[in-house]
Amino acid sequence: MTGQDSSMHLDVFHYPEVKQGSPDALTQRLAANIRYRYGNDIPEPAEYEILIAASPTSELLEASPRLRAVIIPYAGASTNTVELLRRYPHLTLHNAPYNYIATAETALALMLASAKFLAQADRALRRHDWTIRYGDRPQLLLHHRTALILGYGRIGRHMAPVCKALGMEVLGVCRSLRPEDRMDPFAEVHAHERLHDLLPRADVLLIALPDTPETRGLIGAPELKLLPEGSVLVNVGRGTVVDEEALYTALKSGRLAAAGLDVWYRYPRTEAERTATAPSRFPFHELDRVILSPHRAGWLGQVDDTRMVYLAEMLNRAAESKSVPNRVDLEQGY
């Protein structure tokens, strides 16, 4: 490549804060016209056009005068990253939702386990206690019930046909309707303005929304009261979408029959805190109707190369068309 016109190549710098997948899995899939650098030091000279970084800094953004796009190597973008990129209007922000299928599968697992009270049955039988079999809390039948998918994007669209196959009616809610949504074979799709009209129909509420100013606290006490009594709530989006106290109250009172929660309100900040951090200021762990999952729906392990394969596909598309896919709307935050 030496000596060739640099305009014929796409220069990429990958700042590796997120440890999942090997760089080789990415580089072996890259088109020949992509020059890829990977490391913790800004390359010299800094001439990258695309930066891959989980938490980009001003230093990384300003080092290369040729930079035009930033890729966050996971789904969504943090509030801090969105706010930072707004200060650089000549740059575009993109994400890599490589793990949407894994997240959708976990959401479905949480829905089924919650409706069937599997975690409670498992804990009891480990104590040789069979009373749940004869008790007054029967499993919930999902057949002929209604699932409302709040956040009908990649994750939601992967869940819908499975819910449909279970014999459920499926409702989808998204920020803006596309023409093809009216012909969706698996769900009745609505714009988010219809949310309050749809909640009373939802026997299961499946949440797959990002954390943005628009979504924060979207499901509060009034919305939870609109759900049918005895419904199930599953959240694999972000904890902030559901009001923390309102959710705890609805579960403790029994108004919600069960919940499967993969996203939370408190997270460990250090490695030492990973074994001693309560996920909420409320004792959700004391409620036997809740399945707790430590935000692992999309995590496939450090040796999994799915992230790198997805990034390679994004870069190859960018090299062909000169535009990067999966652009984040900086006004909306996702």
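Would you mind telling me which numbered condition in (1) part of a loop (DSSP other than H, G, I, E, B); (2) surrounded by fewer than 20 Cβ atoms within 10 Å (Cβ to Cβ) GLU105 fails?
Of the numbered conditions (1) part of a loop (DSSP other than H, G, I, E, B); (2) surrounded by fewer than 20 Cβ atoms within 10 Å (Cβ to Cβ), the odd one out for GLU105 is (1).
Would you tally the residues in region 157-187 being under 25 Å from LEU140 (Cβ atoms) and under 22 Å from the mean Cα position of the chain (by Cα)?
Residues that pass the stated criteria total 14.
I'm trying to understand the selection: among the residues of region 306-318, which are surrounded by 21 or more Cβ atoms within 10 Å (Cβ to Cβ) and over 22 Å from the mean Cα position of the chain (by Cα)?
Scanning region 306-318 gives a single hit, ALA318.
Within region 16-42, which residues are modelled with pLDDT of 95 or more and either within 20 Å of HIS90 (Cβ to Cβ) or open to solvent by less than 40 Å² (accessible area, probe 1.4 Å) (or both)?
LEU30, ALA31, ILE34, ILE42
Would you call TYR98 among the aromatic types (Phe, Trp, Tyr) and surrounded by fewer than 17 Cβ atoms within 10 Å (Cβ to Cβ)? Can you show your working first?
Values: among the aromatic types (Phe, Trp, Tyr): yes; surrounded by fewer than 17 Cβ atoms within 10 Å (Cβ to Cβ): no.
Taking the combined requirement at face value, the residue does not satisfy it.
Of all residues in region 43-58, which are open to solvent by 20 Å² or more (accessible area, probe 1.4 Å) and either among the basic types (Lys, Arg) or closer than 23 Å to TYR334 by Cα (or both)?
Narrowing region 43-58 to residues open to solvent by 20 Å² or more (accessible area, probe 1.4 Å): 44-45, 47, 49, 55, 57-58.
GLU49, SER55, THR57, SER58, listed by residue number.
What residue, among those in region 247-274 that are among the β-branched types (Val, Ile, Thr) and within 23 Å of MET111 (Cβ to Cβ), is farthest from the chain's Cα centre (by Cα)? Spell out how you get there, then give the answer.
Initial filter on region 247-274 (among the β-branched types (Val, Ile, Thr)): 249, 263, 270.
Going one step further and asking which of them are within 23 Å of MET111 (Cβ to Cβ), we end up with 249, 263.
Numbers: THR249: 25, VAL263: 9 Å.
The qualifying residue farthest from the chain's Cα centre (by Cα) is THR249.
Can you tell me which residue among PRO268, PRO279 is buried (at least 19 other Cβ atoms within 10 Å of the Cβ), of a type outside the set (Ser, Thr, Tyr) and modelled with pLDDT of 95 or more? Steps first, answer last, please.
Values: PRO268 fails: buried (at least 19 other Cβ atoms within 10 Å of the Cβ).
Matching residue, one of PRO268, PRO279: PRO279.
Tell me, please, whether a residue that is open to solvent by 20 Å² or more (accessible area, probe 1.4 Å), β-branched (Val, Ile, Thr), more than 21 Å from ARG317 (Cβ to Cβ) and part of a helix (DSSP H, G or I) can be found in region 60-82.
yes
For region 138-179, which positions are more than 15 Å from LEU110 (Cα to Cα) and of a type in the set (Gly, Ala, Ser)?
GLY151, GLY153, ALA165, GLY167, GLY172, SER176
Just checking, how many residues over region 147-179 are touching a strand residue (DSSP E or B) at 6+ places or on another chain (Cβ under 9 Å) and either open to solvent by 20 Å² or more (accessible area, probe 1.4 Å) or over 14 Å from VAL189 (Cβ atoms) (or both)? Break it down stepwise before answering.
Residues of region 147-179 touching a strand residue (DSSP E or B) at 6+ places or on another chain (Cβ under 9 Å): 147-153, 155-157, 159-161, 163-164, 166, 168-178.
Imposing the further condition that a residue be either open to solvent by 20 Å² or more (accessible area, probe 1.4 Å) or over 14 Å from VAL189 (Cβ atoms) (or both) reduces the set to 153, 155, 157, 161, 164, 166, 168-169, 175-178.
The total comes to 12.
Looking only at region 319-333, which residues are surrounded by 16 or more Cβ atoms within 10 Å (Cβ to Cβ) and part of a helix (DSSP H, G or I)?
Within region 319-333, just ALA319 meets the criteria.
The values are calculated or read from the model by the stated rules, or taken from the named source; none is laboratory data. Fair warning: this is a prediction, and the values are worked out from it, not measured in the lab. Using ideal geometry, Cβ is built from the backbone for each residue, glycine included, and neighbour counts are taken over all protein chains shown. The protein model used for the area step is the full one, side chains on, heavy atoms only, and it has no ligands, DNA or RNA in it. Shrake-Rupley method; radii C 1.70, N 1.55, O 1.52, S 1.80 Å.
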